[in-house]
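To start, the structure itself, in structure tokens.
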């Protein structure tokens, strides 16, 4: 039960019930879709990137509590971050959910995202926790103009 | 072993109204005694794969320790013994399905391979541009994709018979799909995602009146519903060993000999030939024409032992017990506020799919797992079914005759706990 309480912390349940930034972002200039074929979870991440800074971010999709809350908290954590900072945060987050310690600095950097530490006890759920992040990375890399009229 | 089963105690077990002594039967399955994270195992994922009785494990063990060798070619004693055991398993499968002849039993890797074999061999020979193949809206991906591949290659059309909100096939709509271009029907006997037991007699009848052959995907049915292929007159029947208390990697394709005779081989290689020169190859007779290469010998022998075991218990008795347990579980789970059953057909077998308002099945699965309760969560390789019911996934409990009412009670308690955690 304690592992479960660690996994399903109140913050996570809250973000699952009321996901933040859960909408299509009309002004997005990057977008990517991610899905987990194993479980059918789907997420779309919308990104507005200006001068390598995330000025706005949102998501839509369907998934379990862990993947929904992770996407929601991710969008909250990334506004105003540079690409380099985003990359570092994903690394720290990945270490956290796979049970690798990133050190005290990393934990401080993660802030609210640290609520996902319980995932490390459930290896099968790591994919749920990281789906939105992988999708974000795809959005950052493949430079697809989501709202392009071309 | 068999005789003990045959005289299974008439006294009703504590957990059922039927005469199956489930607590005695559970002793035959070593894995059921296991603790999962300190909790007793409640295994309710039998539609994914069933557990194996000691008799099956022993049969496989004795093949490897006493007579492991290749079959159908050696002159030595070991090879002869292995060949006999493997061919005996074929006869067991023949009797199990009540096929007319043992050469109508083709050993394959599983249901998926059986369907691919029919699609690639019968299908490629008989389906051409503009022709049509009928499946249903409740199929597993393995009874969709092989036909899609065939239709794509041949420029043929895949028609899908619809289902109603209970998950029952709409027979009238199914019948309307037939026309002069209909060449084949392939339909699940029991749906893996919904548990629906299809009216196969009518399905076959409708097709046969138009001279269209039918394949039944028996992956979820063979271990739970008595199948008599002669009585049904079905043209092909496929099932997997591992869902029938046998090992993985082995399954059966039954086909009417006349159809199989006319079909080209599926794969080329050893064992499926009678003579080879660089100019020409003469194919072997049935069933070997369809069994290229060294087969899963241990698997076949294990499957034979599983069929013996199941026959010992009595498939009909097991089914009666399972149906009783399914009714008990359905009542209990449907009664939990916020729970919605997916698949409420009048005729069902062993599968209980459900969703809980506001809680994703994965979270249900993780929380139940902490109590040692194993269920399946996800789309069950039936994404079109999920789309039909407007859910991304379901939680699925699936039963076998070794499950008990106590285990269903544990599941119900677990579901309450899930709701409690999410309602905090």
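Computed from the coordinates by the stated procedures, all read-outs in this text should not be read as laboratory data. What you are looking at is a predicted structure, and each value in this text was computed from that prediction instead of being measured. Here the Cβ is made from the backbone with ideal geometry for all residues, glycine too, and neighbour counts use every protein chain on show.
In this label model, residue B:336 and residue A:53 are separated by 4.9 nm, measuring between points 7 Å along each Cα→Cβ vector. The calculated pair-distance distribution of the stretch B:285-424 uses every alpha carbon pair, bins of 5 angstrom beginning at 0, and gives 2, 8, 16, 17, 15, 12, 10, 8, 5, 3, 1, 0, 0, 0 percent.
Shown for B:138, B:125, B:149, B:386: other C-beta atoms within 10 Å of each C-beta, ranked fewest to most, produce the order B:125, B:149, B:386, B:138.
For the pair residue A:2 and residue A:20 in one chain, pulling the backbone fully straight at 0.36 nm per residue adds 3.8 nm over the alpha carbon distance.
Which residues in the stretch B:385-424 have a backbone N closer than 16 Å to a point placed 7 Å from the Cα of residue A:10 along the Cα-to-Cβ line? Within reach of a label on residue A:10, which here means backbone N under 16 Å from a point 7 Å along Cα→Cβ, the stretch B:385-424 contributes B:421-424. Subtracting the Cα-Cα distance of residue B:66 and residue B:278 from 0.36 nm times their residue separation leaves 72.5 nm of extension gain. For the stretch B:248-295, the alpha carbon convex hull comes to 73 Å³ per residue, rounded to a whole number. Placing dummy labels 7 Å off each Cα toward the beta-carbon, the span from residue A:108 to residue B:267 is 6.0 nm.
Hey, any idea what Rg/Rh is for the stretch B:127-181, computing Rh the Kirkwood way over Cα pairs? Please report the intermediate quantities before stating the final value.
On the way: Rg = 11.7 Å, Rh = 11.7 Å.
Using Cα coordinates only, the ratio equals 1.00.
P(r) for the stretch B:54-153, from all Cα pairs and a bin width of 10 Å, is 13, 29, 29, 19, 9, 1 %, short bins first. Residues B:398, B:274 in ascending order of nearby Cβ atoms (within 10 Å, fewest first): B:274, B:398. With the Kirkwood sum run over all distinct C-alpha pairs, the stretch B:143-252 has a hydrodynamic radius of 14.8 Å.
Based on the Cβ-Cβ distance from residue A:101 to residue A:33, what FRET efficiency comes out when R0 is 35 Å, to the nearest 0.05?
Details: r = 32 Å, r/R0 = 0.92.
Given R0 = 35 Å and the Cβ-Cβ separation, E is 0.60.
For the pair residue B:145 and residue B:48, a Förster radius of 30 Å applied to the C-beta separation gives a FRET efficiency near 0.95, rounded to the nearest 0.05.
Using 0.36 nm per residue and subtracting the Cα-Cα separation, the extra length available between residue B:31 and residue B:409 on full extension is 134.0 nm. Placing dummy labels 7 Å off each Cα toward the beta-carbon, the span from residue A:91 to residue B:259 is 5.9 nm.
Would you mind getting the Kirkwood hydrodynamic radius of the stretch B:377-418 from its Cα pairs, rounded to one decimal in Å? Walk me through the numbers before you get to the answer.
Values: mean 1/r = 0.0836 Å⁻¹.
Mean inverse Cα-Cα distance, inverted, gives 12.0 Å.
Divide by every residue of chain B the summed helix terms, -39500 (n - 2.57) for each DSSP H run of at least 4, and state the resulting mean residue ellipticity at 222 nm, rounded to the nearest 500 deg cm²/dmol.
Working: 15 runs with 158 residues, N = 424.
That comes out to -11000 deg cm²/dmol.
Using R0 = 22 Å, the C-beta based FRET efficiency linking residue B:347 and residue B:19 works out to 0.45.
When each of A:46, A:3, B:63 is scored by the number of other beta-carbon atoms lying within 10 Å, the sequence from fewest to most is A:3, B:63, A:46. Based on Cα contacts under 8 Å between residues 6+ apart, the stretch B:309-390 shows a relative contact order of 19 percent. To the nearest 10 degrees, how steeply does helix A:65-78 sit against the main Cα axis of chain A, on a 0 to 90 scale? The two axes meet at around 60 degrees. Among DSSP beta bridges whose residues both lie in chain B, state the antiparallel percentage, nearest 5. Among the beta bridges of chain B, antiparallel pairing accounts for roughly 60 percent. Using a cutoff of 8 angstrom between alpha carbon atoms and counting only pairs six or more residues apart, the relative contact order for chain B works out to 23 percent. Per residue, the convex hull spanned by the Cα atoms of chain B measures out at 145 cubic angstrom.
Tell me, what is the percent relative contact order of the stretch B:125-251, built from C-alpha pairs under 8 Å that lie six or more residues apart? That works out to 21 percent.
Let me know the volume per residue of the alpha-carbon convex hull for the protein assembly as shown, in Å³.
Values: hull volume 112.7 nm³, N = 574.
So the per-residue hull volume is 196 Å³.
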